[in-house]
Amino acid sequence: MTKTIAHQLSLLTGVCFLLVISCLVRTDLLGQANAVPDRSLALVGGTIYTSPNEDPIRNGVVIIRQGKIVAVGKKESINVPPGVETLDCSGMTVTAGF
């Protein structure tokens, strides 16, 4: 597998992963406003692309609280609060919706 194809597959995996996550944290179904669940989720260990113009964050963390991203950064600099559901994203790619 060429490096380009592997990179494209990695990005596609990240996009699919984000679609699954968005379904889990979606708060508006068919135009009906629902209460935002008091739920937090941490995506840990993946390669995060925050912008097409920025270098990726390797071994990163994304924390989602009540359906909103509240923290993004390197694993060493982001503390995952106790009790937060954690998904191991090692080897995966996480991208912003640009």
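Every number in this text was worked out from the coordinates using simple rules, so none of it is lab data. Remember, it's a predicted structure, so these values are computed and weren't measured experimentally.
List of remarks:
- Here the Karplus relation 6.51 cos²θ - 1.76 cosθ + 1.60, evaluated at θ = phi - 60°, turns the backbone of the stretch 87-97 into coupling constants of 10, 7, 9, 4, x, 10, 10, 10, 10, 6, x Hz, with x for every Gly and Pro.
- Between amide H atoms placed 1.01 Å from N, distances below 5 Å from Ala71 occur with Ile63, all of them 5 or more places distant or on a separate chain.
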